[in-house]
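Here's the structure, in structure tokens; my notes come after.
Values in this text are rule-based calculations from the coordinates and carry no lab data. These figures come from a predicted structure and were not determined experimentally. As a convention, Cβ positions derive from the backbone with ideal geometry for all residues, glycine included, and neighbour counts pool all protein chains shown.
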Amino acid sequence: MERLSDMSTSEARQQWEAWREQRVEAVSAPYGPLALTGTHWLADLPDGRIPDIPGRWTEDPVGDGVLLTAEAGDGLTLAGQAFDGVARLGPDSGAETARVAHGRRKLPVMRREGRWAVRVFDPESAGRAAFAGIDVFDHDADWVLPGLFRPYEREQTVEVANADGRERGLDLAGELVVGFRAEYTLRVAAEADGALWAVFADGTSGTSSYRFRFLRPGIPDAEGRLTVDFNRALLPPCAFAEHFICPFPPPGNRLPVDVRAGERNPLTR
């Protein structure tokens, strides 16, 4: 990410506007977050039947995967071909690349904490039909801040509540220090490529913005420095569909200020 000093305010706003358009396109895509209509944990389905989805879906008792049993009349496809028989499935990387489909609905398999689930993404979902955009705070150059990443000696795991009511471990790589009139610290996770991300709340959370948001400031340089642009604070996927599993902010990640920047709430017709 470019430093604020490397671009004018008008250039920064133009880039932010382009980012906003890309976000709306991604969220409203046929298999984007708005298309998710269900997350079905197989351990909760002793008969292997997913509501309104044909076939029988069970955890493989002898292997690490999901067994799908279906007949030709079920109308399921596997890798684009009509499916009839038994298939062993591992986790999919996402809805777009899901191997199993039922008509236009994609059925990706996923695994979390050793538990298997099948998700249903439907381009005809009520969420997509009702979507009218994303409400945002106006761009504010004051919320483009210098940041400093301080990694932990060892990755830490904290238990946090998730949007589905369960507690799960959240792996944290270190702390991100940002300054806005005072210094504030966020506990952050790191992707495989070193890109940082945080779950945070602030004084606007639950009032003038969603109850929490995500922040993805990018990869710090060799000295841990990076630019933190709160204008690109993101709504979590669970703001668009209740079937997502989103972690709540870990302890210490509620900023004692109103962050009037970034995405606020989904808009509906």
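Some notes on this structure:
- Hz values of 3J(HN,Hα) by residue in region 263-269 - Karplus curve (6.51, -1.76, 1.60), Gly and Pro given as x: 6, 10, 7, x, 10, 10, 7
- Computed magnitude of the charge dipole of the chain (debye, nearest 20; Cβ of K, R +1, Cβ of D, E -1): 360
- Dimensionless Rg over Rh [region 230-269; C-alpha; Kirkwood]: 0.99
- Short to long, the 10 Å bins of the Cα pair-distance histogram for the chain hold 6, 26, 30, 22, 12, 4, 0 percent of all pairs.
- Acute angle (nearest 10 degrees) that the helix 9-27 long axis makes with the longest principal axis of the chain, alpha-carbon atoms: 10
- Taking amide H atoms as placed 1.01 Å from N in the peptide plane, the amide H of residue 267 lies under 5 Å from those of 132, 133, 134, 135, each 5 or more residues away in sequence or on another chain.
- Derived scalar couplings ³J(HN,Hα) [region 203-209; Karplus, 6.51 cos²θ - 1.76 cosθ + 1.60; whole Hz; x for Gly, Pro]: x, 8, 5, x, 10, 8, 9
- Listed by Cβ neighbour count within 10 Å, with the fewest neighbours leading, 92, 60, 44, 122 appear as 44, 60, 92, 122.
- Loop-located GluC sites (Glu not before Pro) in region 17-93 (DSSP state other than H, G, I, E, B) with a sparse environment of at most 16 neighbouring Cβ atoms within 10 Å: 71.
- Residue 132-residue 111 pseudo-label distance in nm [points 7 Å out on the Cα-to-Cβ vector]: 4.4
- Rg(Cα) / (2.2 N^0.38 Å) computed for region 33-122, rounded to two decimals: 0.97
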